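One structure is given below, encoded as structure tokens.
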Amino acid sequence: MYKRGQGARRWAPVAVCAVTLAVAGGMFFTVPGGAGAGQTTAYLSGLLCAPDAALGAAKQVVDDRIEQEQPHEQPQQSQPVQTLPQQDTEPAADSQVQTVQPTQTTDEPAIETAPVDDSPMPEGMVPIEEIFYGQGTGNGYVQSGAGSIRNCTELSAEEIAAETMQALPFSVELNSDEPQVLIMHTHATESYETVDRTWCDPAYSARNTDTSQNMVAVGAEMARTLNAAGINTVQDATLHDYPSYNGSYEKSNATVRSYLEKYPSIKVVLDVHRDAIQREDGTRVKPVVEIDGKKAAQVMIICGADLNGNLPNFKQNLRFASRWQDAMETLYPGLARPVLFDYRYYNQDLTTGSLLIEMGGHGNTLQEAIYSARLVGKALVALFTSEAGQ
């Protein structure tokens with residue numbers, strides 16, 4: 001989950017100071033990407049020479065400890081929606097690990113809509129605000145086909161534009177007997193609203209170990225869509241963030257490496273999350289767009305930029321992010337928010353097709369996110385098919 005807001009900006013200088021003092025005092029600190037002492041030294045050098053870049057990397061360390069407040073992009077329109085109180089659906093269950101193998105099918109199961117409740121907001125609850133995020137323009141954004149990239153790095157717009165919309169750095173084999181795509185979840189227990197309403201319980205953590213209710217269910221629909229089109233896809237359902245949230249990325253790194261060792265044919269690794277956008281007053285923001293008469297959770301691709309050698313092939317991932325977003329926006333205008341291009345790691349050094357995608361936020365319903373998973377999967381099918389020349 002990618003977190004952001006004014007609170008993040010207030011904490012960022014503190015994070016940098018804490019990192020510097022920790023290393024100077026001989027304390028343990030994990031540089032983004034799990035680097036050792038050599039990259040810790042490089043990080044401190046970067047802190048002096050390029051503080052903005054170093055700060056960007058430090059944000060990954062504190063990223064999931066900062067509350068949501070304000071979204072990055074300015075919404076084009078805002079519509080309150082009627083929704084209803086959430087039940088606490090977090091069961092006390094053990095971590096579940098499973099691998100979903102590809103199954104060829106031409107059937108497209110119906111996606112149910114969430115129950116709707118238009119009852120007024122009870123005392124003590126907080127609003128859910130429905131917002132549509134348009135593509136970014138102007139300073140800080142780089143246009144890329146039908147989409148755009150929010151540049152949070154020190155790279156120039158010209159350098160970024162030179163990489164976008166180029167051919168993919170890998171080739172996906174259609175109808176292969178070997179897996180081509182891996183879908184996994186560093187924060188698998190992230191979950192959604194179970195009913196469509198205009199408010200929610202602020203105590204609801206939007207976490208669930210039930211794989212039919214969390215990110216595993218969303219990734220499963222994406223995998224089903226790809227497999228149905230002849231793109232051999234496997235999904236890992238390990239709850240890397242349960243029972244301990246700490247170390248999630250280290251655990252998912254080991255998982256991905258094991259799959260790549262077992263299946264060298266894998267070209268693409270998608271880490272499927274959901275966002276959590278929250279205002280200072282506790283209002284939860286729900287990014288949504290209507291496609292073919294149904295509400296879909298808006299999605300955001302996150303692509304990391306290199307910092308002192310931790311992502312040497314980041315430009316190839318950026319090409320993939322740009323082309324995938326273009327396919328989404330061409331087929332389903334409004335589905336994608338601008339790509340976030342920032343100094344983040346997220347295990348994106350493991351392949352040249354490694355990306356993180358946020359499927360809506362904690363204000364969306366599970367059904368909206370599953371619908372979006374189907375759409376982004378179809379956009380991938382269109383992209384891979386066109387690259388294969390079919």
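The values are calculated or read from the model by the stated rules, or taken from the named source; none is laboratory data. Owing to the predicted nature of the structure, the values given are computational and were not obtained by experimental measurement. Don't worry about glycine lacking a Cβ; one is built from the backbone with ideal geometry, like all the others, and counts go over all protein chains shown.
Quick one: residue 332 ticks every box in (1) of a type in the set (Phe, Trp, Tyr); (2) out of contact with any helix residue (DSSP H, G or I) (no Cβ under 9 Å at 6 or more places or on another chain); (3) closer than 30 Å to residue 200 by Cβ bar one, so which box is it?
That leaves (2) as the condition not met.
Across the range 274-288, what is the total count of residues that are over 14 Å from residue 302 (Cβ atoms) and touching a helix residue (DSSP H, G or I) at 6+ places or on another chain (Cβ under 9 Å)?
So the answer is 3.
For the range 230-254, enumerate the residues that are surrounded by fewer than 19 Cβ atoms within 10 Å (Cβ to Cβ) and at negative phi.
Residues satisfying the conditions are 243, 244, 245, 246, 250, 251, 254.
Can you find a residue in the range 261-276 that is assigned to a helix (DSSP H, G or I) and aliphatic (A, V, I, L, M)?
no
Which residue, of 188, 157, 146, 161, is surrounded by fewer than 20 Cβ atoms within 10 Å (Cβ to Cβ) and in contact with a helix residue (DSSP H, G or I) (Cβ under 7 Å, 6 or more places away or on another chain)?
Sole residue among the options that is surrounded by fewer than 20 Cβ atoms within 10 Å (Cβ to Cβ) and in contact with a helix residue (DSSP H, G or I) (Cβ under 7 Å, 6 or more places away or on another chain): 146.
Scan the range 218-242 for residues that are in contact with a strand residue (DSSP E or B) (Cβ under 6 Å, 6 or more places away or on another chain) and either among the charged types (D, E, K, R) or not assigned by TED's automatic domain parsing to the domain that holds residue 362 (or both) and jot them down.
Listed by number, the list holds a single entry, 236.
Considering every residue within the range 215-224, establish whether at least one is closer than 24 Å to residue 373 by Cα, over 16 Å from the mean Cα position of the chain (by Cα), surrounded by 18 or more Cβ atoms within 10 Å (Cβ to Cβ) and of a type in the set (Val, Ile, Thr).
No, that holds for no residue.
Residues that are without any contact (Cβ under 8 Å) to a residue 40 or more places away in the chain: list the strands (runs of 3 or more DSSP E) wholly contained in the range 128-242 that include at least 1 such residues.
Because the criterion is at least 1 residues that are without any contact (Cβ under 8 Å) to a residue 40 or more places away in the chain, the strands (runs of 3 or more DSSP E) in the range 128-242 that meet it are 141-144.
Evaluate the following for residue 111: is it within 28 Å of residue 225 (Cα to Cα) and either in a strand (DSSP E or B) or not assigned by TED's automatic domain parsing to the domain that holds residue 371 (or both)?
In short, no.
Any idea which residue in the range 191-210 is surrounded by the most Cβ atoms within 10 Å (Cβ to Cβ), counting only those that are acidic (Asp, Glu) and closer than 22 Å to residue 112 by Cβ?
So the residue we want is 193.
Here are some conditions: (1) over 21 Å from residue 146 (Cβ atoms); (2) touching a residue at least 40 places away in the same chain (Cβ under 8 Å); (3) touching a strand residue (DSSP E or B) at 6+ places or on another chain (Cβ under 8 Å). Residue 339 meets all but one. Which one does it not meet?
If we test residue 339 against (1) over 21 Å from residue 146 (Cβ atoms); (2) touching a residue at least 40 places away in the same chain (Cβ under 8 Å); (3) touching a strand residue (DSSP E or B) at 6+ places or on another chain (Cβ under 8 Å), just (1) comes out false.
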